[in-house]
Structures are given as C-alpha cells and as structure tokens.
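Below is one structure, written out as structure tokens; comments come after it.
Throughout, read-outs are computed from the coordinates displayed, never taken from laboratory work. All of these numbers come straight from a predicted model, not from anything done at the bench. Glycine gets a Cβ as well: all are built from the backbone with ideal geometry, and neighbour counts include every protein chain shown.
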C-alpha cells in the first residue's frame, strides 16, 4: 500500500482522473483520495514510481510518497 501527498487536487474530476489512470493499468487497484488533506492511499500491484509518474502526467504534484 502506498501513501502519497498530492497537491493540485480540487474536485471530484481530479479524484476521477487519478482513479481512472491507476485502474486502467491495474483493474484491481483500490484508490482512496481525501481532497481536504491532499492524501492519496493506493493499494496496487503497480510500482510506486509508475504511480507517481501517472499522477504527475495528469498535472498534479506528488509532494511526498511512502510505502506502508
């Protein structure tokens, strides 16, 4: 499971865009996003670096990342 701090997320569209990008590559991924705290929790088989790249490519900034 990964815990990320991501800046730039403002609305449900942001949540959908991140969730779709990750589940496109890992259909079994679980993505939980809290806009207020700018936190993203992901349970996925994808490597953390790939997830961070996906999120950055969508125009958001991954501020911190951790594997928990």
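Scanning the stretch 1-20 for residues that are within 20 Å of residue 67 (Cβ to Cβ) and surrounded by 17 or more Cβ atoms within 10 Å (Cβ to Cβ) yields 2, 4, 6, 18, 19. Counting only residues that are touching a residue at least 24 places away in the same chain (Cβ under 8 Å) and touching a strand residue (DSSP E or B) at 6+ places or on another chain (Cβ under 7 Å), the stretch 10-30 holds 2 of them.
When the residues of the stretch 31-68 are filtered to those that are assigned to a loop (DSSP other than H, G, I, E, B) and touching a residue at least 40 places away in the same chain (Cβ under 8 Å), the one that is surrounded by the most Cβ atoms within 10 Å (Cβ to Cβ) is 60.
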